[in-house]
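Data block below; observations after.
The values are calculated or read from the model by the stated rules, or taken from the named source; none is laboratory data. These figures come from a predicted structure and were not determined experimentally. For neighbour counting, all protein chains shown are included, and Cβ atoms are generated from backbone atoms with ideal geometry for every residue, glycine included.
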Amino acid sequence: MATNKKITELTELVEADLANDDVLAIVDVSAGETFKVRKSTLASALAGVATIAATTPVAVDQATGSVTVSLGTVPITSGGTGATSAGAALTALGAFADPLTTRGDVITRGASATGRLAIGSANTVLTTNGTDPAWSTITNSMLAGSIDLTSKVTGALPLANGGTNATSASAARTSLGLGTIATQASNSVAITGGAVTGITDITVADGGTGASDASAARTNLGVAIGSDVAAFNADALFADVSDNLTAGYSSDFEAIGNSGTGTQTLEIATAKENLKTLTINGSFTLAPQTVNSVIAIITTNNGTGGYTITTSGFDKVSGTYNNAASAKHLMRSTVIDGTQVLEILEIA
C-alpha cells in the first residue's frame, strides 16, 4: 500500500538511472492541475534552451545552472515570523523575552508586564506585602507558629535576650544567681544562712510574730514589757537561780481572821502570803501547808480564851499553847522534803 511522502523524503535518482519512460510530476499553474511528463518528453522540450532568464527573487548561475531564491521577511500568515532578528521574532510571535541580567535574579509580574527582581543581599528572604515581592531581613513577626527548639536552635540564649546563657539546669541556676534554695520543695524549705528582707510580716498563726519591730512582736506574742512581763533587772530573783541578797525586803501578810472550830490548813498562794495573822475564837485543828516553805503566824486568843488547838499532819510539835484569854503566840510551820514541823512560842 502506497504511503504519502514528502518530495524530500523520496529516493533521489541520478542521471545514469533515469530512463526515457520515467515520469515526473509537474503542475500546470494556469490550469490548477497536476500532470505527469516523461523524461524523454521533458528532455525534448528543453532541447535547444541555452539560458534561463529570471527576475528577483530568483537568480540563475548560467555557468553552473544553480538557482538562488532570495526572499524578504516572511509574514506570520505565510508561516514566517514577520521579523529579521531573534528578539523581534519573539516579540512578533508573542513569546517571552528573558529580562534577567544577573545570576540569582528572579522573574516577577508587575502591574502590567513581567519584569526582573534583582538578587537580594546576603541573608535576606523573599517576602511579599500581598501585592509585590521584595527582599527582606527576618523579623520576629515572621516567626509565628511553632519552632522545634531541639533541632532548629543551637547555642545558649544570652541573659540580655531573655535566656539563661547556659545549656544545663545547674549552669542556668548559676548564671541566674540562684542558690540551693531554688531546688528545694515548696513544702520543705531549709534556710541556713543569709537574710530575708522586703517581705510581708509573717503572722503568728504561720509561725511568725506579725510585726516588723521587737516591741510590736512582743505585744503580738503576749509578752509586752510592763504589761505582760517585767522588764529585765539584773537584781531580780529567779526561782531556779541562786543569788545573794544585798538588801532587805518586806512582805505583805494574810489576815486569816477567826479560826473557827473546824480544820485550818495553812496555804501559800496569791494573796495567801507566808506571813499571817489568826484570831482564835474556838477550838480547832491546825494542819501544815503542802509545799516546801516556812509560814509564820501571829495568833491571838479572843477575850474568852479556854480553847484547845489540835494539830494534824505535823511530824514534830514543840512549845506549849497557852489558851488564856488574849494570850498571843508566834507559831512557825516549816515543811521541807515531806517533813512538817510546828514551833509554838508564847509572846504575850
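I'm trying to understand the selection: among the residues of segment 176-202, which are surrounded by 10 or more Cβ atoms within 10 Å (Cβ to Cβ), assigned to a loop (DSSP other than H, G, I, E, B) and either in contact (Cβ under 8 Å) with a residue 24 or more places away in the chain or under 22 Å from the mean Cα position of the chain (by Cα) (or both)?
Correct list: L176, L178, G179, Q184.
Quick grid of which residues meet (1) over 30 Å from G313 (Cα atoms); (2) loosely packed, with under 11 Cβ neighbours inside 10 Å; (3) within 37 Å of the chain's Cα centre (by Cα):
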site	(1), (2), (3)
V204	yes, no, yes
T219	yes, no, no
A231	yes, yes, no
L237	yes, yes, no
D240	no, yes, no
N244	yes, yes, no
E254	no, no, no
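Considering only segment 204-222, how many residues are in contact with a helix residue (DSSP H, G or I) (Cβ under 9 Å, 6 or more places away or on another chain) and either among the charged types (D, E, K, R) or assigned to a loop (DSSP other than H, G, I, E, B) (or both)?
5
What about G248, is it closer than 21 Å to K328 by Cβ and assigned to a loop (DSSP other than H, G, I, E, B)? First the steps, then the outcome.
Details: closer than 21 Å to K328 by Cβ: no; assigned to a loop (DSSP other than H, G, I, E, B): yes.
For G248, the condition - closer than 21 Å to K328 by Cβ and assigned to a loop (DSSP other than H, G, I, E, B) - is not met.
Going residue by residue through segment 261-273, is there one that turns out to be in contact with a Pro (Cβ under 9 Å, 6 or more places away or on another chain), in the same structural domain as K328 (by TED's automatic domain parsing), of a type outside the set (D, E, K, R) and without any contact (Cβ under 8 Å) to a residue 60 or more places away in the chain?
We begin by selecting, within segment 261-273, every residue in contact with a Pro (Cβ under 9 Å, 6 or more places away or on another chain); these are 265-266.
Okay, now just the ones that are also in the same structural domain as K328 (by TED's automatic domain parsing), so 265-266.
When the remaining residues are screened for being of a type outside the set (D, E, K, R), the result is 265-266.
Retained after the next criterion (residues that are without any contact (Cβ under 8 Å) to a residue 60 or more places away in the chain): 265.
Within segment 261-273, one or more residues are in contact with a Pro (Cβ under 9 Å, 6 or more places away or on another chain), in the same structural domain as K328 (by TED's automatic domain parsing), of a type outside the set (D, E, K, R) and without any contact (Cβ under 8 Å) to a residue 60 or more places away in the chain.
Taking only segment 317-336 into account, find how many residues are among the charged types (D, E, K, R) and within 15 Å of I295 (Cα to Cα). Working first, answer last.
As a first pass, look at segment 317-336 and keep what is among the charged types (D, E, K, R): 328, 332.
With the extra rule that they be within 15 Å of I295 (Cα to Cα), the set shrinks to 332.
Here the count works out to 1.
Scanning segment 120-155 for residues that are assigned to a loop (DSSP other than H, G, I, E, B), touching a residue at least 12 places away in the same chain (Cβ under 8 Å) and of a type outside the set (V, I, T), which turns out surrounded by the most Cβ atoms within 10 Å (Cβ to Cβ)? Explain how you work it out, then say what you get.
Here is the first cut: in segment 120-155, the ones assigned to a loop (DSSP other than H, G, I, E, B) are 120-124, 129-132, 137-139, 144-148, 153-155.
Those still in the list that are touching a residue at least 12 places away in the same chain (Cβ under 8 Å) too: 120-121, 123-124, 132, 137-138.
If we keep only those that are of a type outside the set (V, I, T) as well, we get 120-121, 123, 132.
Numbers: G120: 16, S121: 8, N123: 7, D132: 11.
The qualifying residue surrounded by the most Cβ atoms within 10 Å (Cβ to Cβ) is G120.
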